[in-house]
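The values are calculated or read from the model by the stated rules, or taken from the named source; none is laboratory data. On a predicted model such as this, the values are computed, not experimentally measured, just so you know. Please note: Cβ atoms are built from the backbone with ideal geometry, for glycine as well, and neighbour counts cover all protein chains shown. In case anyone asks, the SASA skips ligands and DNA or RNA and just uses the protein heavy atoms, side chains included. Shrake-Rupley method; radii C 1.70, N 1.55, O 1.52, S 1.80 Å.
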Amino acid sequence: MPFLSLRISIKKKKWYKNWRLAAKDTFDEYIMNTKVSGVWLLRREHRFGPSRSVWTSVLISLLLMSIYLSLQLWLKFYSYPIVNTISNDLLITNIPFPGVTICSPKVVNTERANRFARTLKLPINTSLQEVADGFEFLNLFTDQTWLPPNHTAYKVTDDILRLNNITIFEAATQVGASCNDFVKHCFWGSDEFPCHQNHEYLSFIPTTSYLGPCCSFNYNPRNLSYVPFAANSFGIDSGLSFIGVEGSERSLSTGLIILVHHPMDFATEAAASVTITSNSESFIQILPTVQSASPEVLNLAHNKRDCLTSNDLDLSNYRKAACSLSCERDFIIEKCHCQPYHLVNEETNYRECKLNDSLCYMENYEAFKTVQCKDCLPNCNDVTYATSAYNIRFQPPGYSINSM
């Protein structure tokens, strides 16, 4: 029995020795022929010394790091198993025409503010000019760069509006340029239509945006069942055209701001914007991008696909922009205990912000605009719009937008 045990241990030792020699020869052959940087330092002539030890440690560390990164990449793919594909074969009739919102960069028109102040019922010894000056504080709700003056005329103006039973929203539409000022003649393709007609689609209606009172086409926030229309043609000879004026004081040229956004979304700072100037003709090219999710993606859990649909929340129409706006509005209510006139939601019972609250809004403006809402995931199916614009300056003699 002892002799038999000795023969078995010798065989095992020879097998192990042969395997080790084979591995060593294979490794030596690899490092003699490889082009990998640094591995050549492990050759036989560098078998001893600190150089070989250092490079061995470095190569082992890099190997372990590559294994770690590969595992992280696999885990990331497993947690977000979605493949993006790009296609350009969509029909234009399947893409909704964007909402077009026209705003003035100047929220308060001094001329209109003075005119509106004269129509108000004022107590005795109340300064008409002080009331008109108080309307300037409306800028604090929409313009972060506007610095309030030292006077406190907003307190007097607030009292006068309360006396006349006028809301801040109603006052803002009176002291700023109105929808009737912005657009005078409207065309769809080559056919003219009344700009403010009672039509479901071909009409401009008064709205609000992050810039305050505006005028919108193909966007109707008051109609919860509104379905945006899609154009059946494209190019410079089709689409929407209008002739408008800036609506500011006679001696001031501020131009107009055109916001292009999804027809179901409130126009925020994220909307594509173009500034057009007076005495010019501007052309705006709209470049839509459609994002859609396949049935396989929609079958995944929310945290896997990182997007939401209306069915996920049992809503008639889920929009990330509306969710984010609601989140911002709730944060404003928490801080200032009111909701700004241009973000008013008729479904809430909170009071409208007064001019007295404008300073609170200004102090927390940055916090309001950077609030993060984790529950507001992107839409699984969505359309975004980018713009490209150019304009032509002209000043023909005797030109007028009014009919003769």
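Quick notes on this structure:
- Listed peptides 90-96, 266-272 by packing density, highest first (mean Cβ within 10 Å): 266-272, 90-96
- Near the amide H of ALA272, within less than 5 Å, lie the amide hydrogens of VAL260, all on another chain or at least 5 residues away, with H placed in the peptide plane.
- Counting only protein chain heavy atoms and rolling a 1.4 Å probe, the accessible areas of TYR210, TYR318, TYR390 rank, largest first, as TYR390, TYR210, TYR318.
- Rounded to the nearest 10 Å², the accessible area of LYS155 at probe 1.4 Å: 100
- Solvent accessible area, Å² - ILE286, 1.4 Å probe, full protein context: 50
- The residues of segment 151-295 expose, per residue, 50 Å² of accessible area to a 1.4 Å probe.
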